[in-house]
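S.K.: One structure, as structure tokens, below. Some questions next.
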Amino acid sequence: MKLVKVLCICSLLSLTAGCWDQNFLKKQSIAFGVGYDIAEKPKEGIHSISIIRTMKPVGGGGQTEPFNNAYQVTGETPLQIRDEMNRITPGTYSTNKLRVLAIGEELAKKDLYPLLDIYFREARSNINTKIIVTEGKAVDFLDGEYIQGNLITEVLNDLIISGEKESHIPKLTIGTLMPIMFCPGQDMILPYLSIDKGKDKNLKLKGVVLFNKRKYTGKYLTNAPASLLLLMKNKGGKTAQFTINDSKSAKAINKKITIAVRRSKAKTTLKWESGKPIYHVDLTLKVSVSEYTKGLLTDKERKKLTKLISKSMTKKAEEITKTLQEANCDALGLGHKMMIQDPEKFKGYNWDEDFKDITIIPKVKIDIVSKGVLY
């Protein structure tokens, strides 16, 4: 009797084998890159470009290679744009494999959320999609098949990943952005990309753009300050490098000192003085000296250099916090810290207005743990 039951169950399972919801790739137009800009005629809403990956035959013997097709449409919302894309692309338009979502800087100044809502709500969305803000129009970054022999979407994706590893830009995706976007005591920063105006028109990381709530403020930090900000947030990548200026050196070649960060640790402390919040942002960096053209670094010079670098980096950190407050961008999540530590006091603040007036005291401590492999 048991054998009969087992055979019946196995026969039923065989009928349910396979995928119940198959979407054949060959029947889809898969977008690997999408860009949004303000339409030339504001009443038209949003202008969008989608990079569709497909294969083309090369040589003989059935060999193929990937290439990009660019499709451009205009619509009032991203969902309407998707419907328009379905009308002009072969097969079903899909963003399930989307790697990069580029947003033109003028559109980013409006409101970011309506552009991302469809990606948050759709179950098939790729939550690992990278989001960038472009200097100028996003369409200019995507409307090209190759850059020096590499597909444009691959160039963008690799550039972003390398920038994350080297602490130039934050490691953010559609999936990790939403909690920040809706936190009342924290603001976003996003990678900022530009196009080199030289002959090759290469893409390059320009830094990070500063948001107030869901709008780009028009202010940004270049690469070195952006890296330091990420370390102050404990969000650095695998490596980080800084060049310090030694103004006391007589020779120009000796004025620059380069350090590589081995380890970093940041701690933010909230204290109250006379009923006002005081934030201390303490960052400890264990570094190695990558470039020091004056020669061997003795213990005495090492102490002087430690003091010089600590002072210089602290000054840079002060400039960063000043820029954040000018932009009204709480990228350090100071409001979130108050909300957790002193929730009742946080209720008495209008953080969007009061953030720019609070006191932030950053301090960077340097510890040189390596001065060269030969000595």
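The values are calculated or read from the model by the stated rules, or taken from the named source; none is laboratory data. All figures in this text were calculated on a predicted structure; none of them were measured in a lab. Positions of Cβ are generated from backbone atoms using ideal geometry, with glycine treated the same way; all protein chains shown enter the neighbour counts. What goes into the accessible areas is simple: the full protein's heavy atoms, side chains included, and nothing from ligands, DNA or RNA. Shrake-Rupley method; radii C 1.70, N 1.55, O 1.52, S 1.80 Å.
S.K.: Taking amide H positions as placed 1.01 Å from N in the peptide plane, with prolines and chain starts having none, which residues 5 or more places from CYS183, or on another chain, fall under 5 Å of its amide H?
M.R.: When sequence neighbours closer than 5 places are left aside, there are no close amide H contacts.
S.K.: I need the phi-derived Karplus couplings for the stretch 82-99: 6.51 cos²θ - 1.76 cosθ + 1.60, θ = phi - 60°, integer Hz, Gly and Pro marked x.
M.R.: Each residue of the stretch 82-99 in turn: 4, 5, 5, 5, 4, 6, 10, 9, x, x, 7, 5, 9, 10, 5, 10, 4, 9 Hz.
S.K.: Karplus couplings for the stretch 129-136 from phi (6.51 cos²θ - 1.76 cosθ + 1.60, θ = phi - 60°), rounded to Hz, Gly and Pro as x?
M.R.: Karplus-based 3J(HN,Hα) across the stretch 129-136 equals 4, 7, 10, 9, 10, 9, 6, x Hz.
S.K.: Per DSSP H run of at least 4 residues, take -39500 (n - 2.57); add these up for the chain, divide by its residues and hand me the 222 nm value, nearest 500 deg cm²/dmol.
M.R.: -9500 deg cm²/dmol
S.K.: Oh, and also: At R0 = 51 Å, how high is the FRET efficiency between ALA224 and ARG87 if r is their beta carbon distance? Nearest 0.05 is fine.
M.R.: For ALA224 and ARG87, the calculated efficiency is 0.65.
S.K.: Now for a different question. Find how many whole Å separate the alpha carbon centroid of the stretch 280-333 from the alpha carbon centroid of the stretch 86-113.
M.R.: 39 Å
S.K.: With every protein chain left in place, what is the accessible area per residue of the chain in square angstrom, probe 1.4 Å?
M.R.: I get 55 Å² per residue for the chain.
S.K.: Please sort 288-297, 113-122 by packing, taking for each peptide the average over its residues of neighbouring beta carbons within 10 angstrom, highest first.
M.R.: 113-122, 288-297
S.K.: Give me the percent of accessible area attributable to carbon and sulfur for the stretch 97-204, probe 1.4 angstrom.
M.R.: That share works out to 49 percent.
S.K.: For a paramagnetic label modelled at 7 Å from the Cα of GLU273 toward its Cβ, which residues of the stretch 324-361 fall within the zone defined by backbone nitrogen distances under 14 Å?
M.R.: Of the residues in the stretch 324-361, 358-361 have backbone N under 14 Å from the label point off GLU273.
S.K.: Sort the following peptides by mean Cβ neighbour count (other Cβ atoms within 10 Å, averaged over residues), highest first: 85-93, 306-314. Each step should come with its number before you reach the end.
M.R.: Details: 85-93: 15.2, 306-314: 17.3.
Taking the mean over residues of other Cβ atoms within 10 Å, the ranking is 306-314, 85-93.
S.K.: Something else about it: Using only Cα atoms, tell me the angle between helix 299-326 and the longest principal axis of the chain; keep it within 0 to 90° and round to the nearest 10.
M.R.: 60 degrees
S.K.: While we're looking at this one, here's another question. If packing is taken as the average number of other Cβ atoms within 10 Å across a peptide's residues, how do 211-217, 189-195 rank, most packed first?
M.R.: 189-195, 211-217
S.K.: Across the stretch 174-179, in residue order, what do the Karplus-derived ³J(HN,Hα) couplings come to in whole Hz, using 6.51 cos²θ - 1.76 cosθ + 1.60 with θ = phi - 60° and x for Gly and Pro?
M.R.: 4, x, 9, 7, 4, x
S.K.: Output the pairs from LYS322/LYS371; LYS206/LYS365; LYS204/LYS337; LYS267/LYS345; LYS233/LYS300; LYS219/LYS311 with a Cα-Cα distance over 30 Å in this structure; if there are none, say none.
M.R.: LYS322/LYS371; LYS204/LYS337; LYS233/LYS300
S.K.: Given H placed on each backbone N at 1.01 Å, which residues far from GLY218 in sequence or on other chains put an amide H within less than 5 Å of it?
M.R.: Close amide H contacts, sequence-distant or interchain: LEU210.
S.K.: I'd like the FRET efficiency for LYS110 and SER290, computed as 1/(1 + (r/R0)^6) with the beta carbon distance as r and R0 of 30 Å, rounded to 0.05. The partial results should precede the final answer.
M.R.: Numbers: r = 42 Å, r/R0 = 1.40.
Between LYS110 and SER290 the formula returns 0.10.
S.K.: Taking every eigenvalue of the Cα gyration tensor of the stretch 148-218, multiplying by 5 and rooting it, what semi-axes result, largest first, whole Å?
M.R.: With the √(5λ) rule applied to the stretch 148-218, the semi-axes are 26, 14, 10 Å.
S.K.: Assigning unit charges at the beta carbon (Lys, Arg +1; Asp, Glu -1) and nothing else, what dipole magnitude in debye, to the nearest 20, does the stretch 279-375 show about its Cα centre?
M.R.: Details: 18 positive and 15 negative charges, 178 e Å.
The calculation lands at about 860 debye.
S.K.: How big is the dipole moment of the stretch 137-239 about its Cα centre under a simple scheme where the beta carbon of each Lys and Arg is +1, that of each Asp and Glu is -1, and everything else is neutral? Debye, nearest 20, please.
M.R.: Using only the charged Cβ atoms, the result is roughly 500 debye.
S.K.: Ok, one more. Can you list residues from other chains, or at least 5 along the same chain, whose modelled amide H is less than 5 Å from the amide H of ILE38?
M.R.: Counting only residues 5 or more places away or on other chains, the set is HIS47, LEU107.
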